[in-house]
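Below: one structure, written as structure tokens.
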Amino acid sequence: MRILIQPIGDLEEDLIFSLERGLADRFNAQISILAPTTLDMSCFNPMRYQFNSTCLLRKLKPVWITLGVTDRDIYADRMNFVFGEAELNGNRAIVSIYRLRSMDSRVTEERLIKEAVHEIGHVLGLKHCRNRSCVMSFSNSLAEVDIKGSYFCASCASKIRAYLKE
Ligand SMILES: [Zn+2]
Ligand SMILES: [Zn+2]
């Protein structure tokens, strides 16, 4: 398996490198960081001052697992905002760092890893998990992000065992 990290816009290199390490630590995958792309303004909603996550997702090339990372605020239909979005059993996922930031850069890095692992879990076919400590539990607030773990529970892990580090 290959995971391509696609920075969208200006993102701190340290954050992207820590994400790469976090993914390498969990997935049995070859991970590459692509050259940053610019934000596609056709995905910007001036009424909301946010980018549509589905629109940004569809701008990504559907190869291997491609994870877009943006520093801009993103939303999906019927949601005020989202931390990320993914194609279930597809190729593409996107995460936003915008609402994950903390004064403590390690906390920011940990949150980004959790949300990225979560969205990649969806790409691999996992749905939301009721286990609140599992990375696949749904989170729509920072408190929920901080409470959950950054790893898959035994049940989720058993479904995607081939893609995980032993
Ligand atoms: Zn989810
Ligand atoms: Zn789980």
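Just a few scattered comments:
- Filtered by the rule that a residue be more than 12 Å from ligand 1 (Cβ to nearest atom) and part of a helix (DSSP H, G or I), the range 138-166 gives Leu142, Ala143, Asp146, Ile147, Ala154, Ser155, Ala157, Ser158, Lys159, Arg161, Ala162, Tyr163.
- Total residues in the range 91-119, condition of a type in the set (A, V, I, L, M, F, W, C) and more than 22 Å from Leu39 (Cβ to Cβ): 4
- Among the residues listed as Tyr75, Tyr49, the single one being among the hydroxyl-bearing types (Ser, Thr, Tyr) and at positive phi: Tyr49
- Taken over the range 123-166, the criterion of being within 21 Å of Gln30 (Cα to Cα) and either more than 12 Å from ligand 2 (Cβ to nearest atom) or among the polar types (S, T, N, Q) (or both) is satisfied by Val123, Leu124, Gly125, Ser150, Ser158, Arg161, Ala162, Tyr163, Leu164, Lys165, Glu166.
- Residue satisfying condition, being of a type outside the set (S, T, N, Q) and over 13 Å from the mean Cα position of the chain (by Cα), within set Leu112, Leu100, Leu57, Leu142: Leu142
- All conditions in (1) touching a residue at least 60 places away in the same chain (Cβ under 8 Å); (2) within 22 Å of Ser42 (Cβ to Cβ); (3) touching a helix residue (DSSP H, G or I) at 6+ places or on another chain (Cβ under 6 Å); (4) of a type in the set (A, V, I, L, M, F, W, C) hold for Val69, with the sole exception of (3).
- Residues in the range 79-137 that are within 13 Å of ligand 1 (Cβ to nearest atom) and at pLDDT below 95: Met79 alone.
- Output for the range 73-96, where each listed residue is outside any loop (DSSP other than H, G, I, E, B), touching a residue at least 40 places away in the same chain (Cβ under 8 Å) and not small (Gly, Ala, Ser): Ile94
The values are calculated or read from the model by the stated rules, or taken from the named source; none is laboratory data. Being a predicted model, the structure only gives us computed values, none of them experimental. Virtual Cβ from ideal backbone geometry, glycine too; neighbours counted across all protein chains shown.
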